Amino acid sequence: MESVLGRYRNLIILVGVLFLQVLGLAVQVKRSADAQHTRLIRIWAVDAITPLERVLVRVQEGANNLWHNYFFLRGVRAENRDLKQQIQQMRLEQVRLSEDAAQAHRLQSLLAFKEQVVMKTIPAQVIGSSGSDLSRSVYIDKGSNQSIAPDMPVITAGGIVGKVLRVYPSTSLVLMINDQSSGVGVLLEKSRLQGVLRGTSDGELILERVMSDEQVAPGDTVLSSGGDQIFPKGFPVGTVSKVNPGKELFLNIKVRPAADLSRLEEVLVVTEKQEQQSVAQTGVKVRAADILSQRLPSVPDKPVTVPGAPATGKPVAVEPGQVLGGTAKPRPNGVIQSEPRLGAGANLAAGVPARTAPVRLAPASTTAASPVVESGDAGVRPSTGSNSTPKSAPDKPTAVPVKPITQSSPQPAITEDKPQ
Amino acid sequence: MPITYTSGEQIEVYRFSLPVTVGVPLIALFLQAFLPRRIFSIFDLPLLVTIFFAMARRNPISGLLTGAAIGLAQDMLGPYPIGIYGIAKTVVGYGASSLGAKLDVENAGARLLVTLAFYLVHQAVFFTVARGMVNLTLNWSWSHGILAGLANGIVGMVLYFVLDKFKQRT
């Protein structure tokens, strides 16, 4: 018996161990059918393992934190620096793109303006200013190499900017209209009052030579009159911002420039002016004298004695602006119309483009009985004398041939207020 | 595959220190419970430890007791009734120690095949007990069983190589 047990000892022990486990399983299966409860031995086992697991988990978390918050962050500083640089570059890029977009918008409006304007222009970029606080001038990137000449008008889509003062091979100095030495012949759009627009030391624009009894209101549009023979006629110059009584019966009118003179970037240099369609080209029979007669219905005709007329003893009424020696025909409205034989008629006959200009009487300070025709084109200054026989009116036709701007300085329209 | 038959006198029997005897199975149980199930569920580290100790000691009683203890401990941490893994690992421990007493399975190839075979035996006993006694609904897949056996064999080769360092000659 002992030999049998010794011989199969291992097997017997195996069977015994298996039997015990099967017995335990059977007990568990039977009890699990009765009630579900956690066995104490499981609790012990779990209690023995879970602290170790908890420690290991904490170690693992610590290792992860150490890795992610320290070792892994070794390159974070450099990465942060790179990201900051990237942000800076992106900001610069954003600014550049914004500038490009704004520039494109401006150029688009400038191009649209250029397409509308019948004149030859050269676009230019403002590259700097004079650097002086007292002067209002800017440099543009176009010069004599691009056929830029002095006294060429410089405009934007908004309005007149100034004129070319000095020309260099590749750059030009532009004197803006708000410079103290600048002067622009202008007129008010509604009332057609003419005046001279000057700059002040503060960079503001003052409209001079407008009598105090004229009706000028803030908001009135100021256009170029063309009388200075530099700026094309009819271009927006600005709007009246403030009207105050000035010295010597003149109004002190402040004008807000139409062009943003403080933020100039792209401008157009007018190299060749093509003024408004002439009478000969349009075929519309409207003359300055007609306009004048329509605008002055209350001005009484002043009989003057025409030299060389037959000595009938009867005065002959001559319309202001009538060219001496011309024929005078009565108009249907009772106004005598003069037809000059020379001047505009001659130019039109020669086929030279001429422009029409608004003609008005001088301010009320002049003698009412002797109105003086003032033509913006001719640049006739208002005459205040009672014996003001027009000196230049008979000689200056209301239609002036267009003259391309050349290197030679044009004749200033207002001799005493010659723009610098 | 060099599985050589040797006489009992030629086979060396090893023993292990108490820390290794207790600590290695506990670590295996702990890792089995701690390591992510999705990746390491295919491995049965307590089974590999059971096979290693059983083959190294070459004592069937020691082997079956080691298997029973490790299996019961594994049962305690698992959801099934206590004894399923215990019975399976008892059988494996007994078989591995009996095989180790007759065969020299010291090389890697023999260990791979022995591990694969005992893994299948373990699974067979486990499924038998689980289905037959506990009435658990477990599905058996031969492909999965063989792949898992090969995977455990490969891991076992590495593990046995490490645990060989703790062997002590009797």
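What follows is calculated from the coordinates using simple rules that are stated; it is not laboratory data. Every value quoted in this text rests on a predicted model; they were computed, and no experiment measured them. Ideal geometry is used to build each Cβ from the backbone, glycine not excepted, and the neighbour counts take in all protein chains shown.
With the cut-off at 1.5 for a/c, could you classify region A:118-272 from its C-alpha gyration tensor as rounded, prolate or oblate? In terms of gyration-tensor shape, prolate.
Need one word for region A:172-251: rounded, prolate or oblate. Basis is the Cα gyration tensor (sqrt eigenvalues a ≥ b ≥ c); a/c below 1.5 gives rounded, then a/b vs b/c decides. List each step's numbers first, then the result.
Working: a/c = 1.83, a/b = 1.31, b/c = 1.40.
It comes out oblate by the Cα gyration axes.
Peptide B:69-79 is shielded by partner chain Cβ atoms: per residue, an average of 3 of them sit within 10 Å of its Cβ.
Going by how many other beta carbons lie within 10 Å of each one, how would you line up B:ILE87, A:ILE87, fewest first? Let's see the in-between values first.
Working: B:ILE87 29, A:ILE87 10.
Ordered from fewest to most neighbouring Cβ atoms within 10 Å, B:ILE87, A:ILE87 come out as A:ILE87, B:ILE87.
Axis angle, to the nearest 10 degrees, between helix B:18-34 and the longest C-alpha principal axis of chain B: 30 degrees. For B:GLY83, the amide hydrogen comes within under 5 Å of the amide hydrogens of B:ASP75, counting only partners 5 or more places away or on other chains and with H modelled in the peptide plane. Taking the C-alpha atoms only, the angle from helix B:142-163 to the longest principal axis of chain B is near 40 degrees.
Database remark: amide H of A:ILE127 closer than 5 angstrom to the amide H of A:TYR139, A:ILE140, A:ASP141 (H placed geometrically; neighbours at sequence offset of 5 or more, or on other chains; Pro and chain starts carry no H). For A:ASP220, the residues 5 or more places off, or on other chains, whose built amide H falls under 5 Å of its own are A:VAL240. Mean per-residue shielding of peptide A:44-53 is 4, counting Cβ atoms of other chains within 10 Å of each Cβ. Averaged over the residues of peptide B:125-134, the number of Cβ atoms from other protein chains lying within 10 Å of each residue's Cβ is 2. Multiplying the residue separation of A:SER98 and A:VAL59 by 0.36 nm and subtracting their alpha-carbon distance yields 8.8 nm. Among A:155-163, B:99-107, A:50-58, A:22-30, sorting by the average number of other beta carbon atoms lying within 10 angstrom of each residue, highest first, gives A:155-163, B:99-107, A:22-30, A:50-58. Think of each Lys and Arg Cβ as +1 and each Asp and Glu Cβ as -1; about the Cα centre, that makes the dipole of chain B roughly 160 debye.
Net charge of the neighbourhood of B:PHE16, taken over other residues with C-beta under 12 Å away and scored Lys/Arg +1, Asp/Glu -1, is +4.
Remark: for residue pairs A:LYS142/A:LYS247; A:LYS120/A:LYS247; A:LYS163/A:LYS242; B:LYS89/B:LYS165; A:LYS190/A:LYS247; A:LYS142/A:LYS233, the C-alpha separation exceeds 29 Å in A:LYS142/A:LYS247; A:LYS120/A:LYS247. Exposure proxy shown here: for B:ILE82, B:ILE146, the number of other Cβ atoms within 10 Å sets the order, fewest to most, as B:ILE146, B:ILE82. Seen against the Cα atoms of chain B and their longest principal axis, helix B:84-102 is set at about 20 degrees. With a ≥ b ≥ c the root eigenvalues of the C-alpha gyration tensor of region B:25-119, is it rounded (a/c under 1.5), prolate (a/b larger than b/c) or oblate? It is oblate, given that a/c is not under 1.5 and a/b is not larger than b/c.
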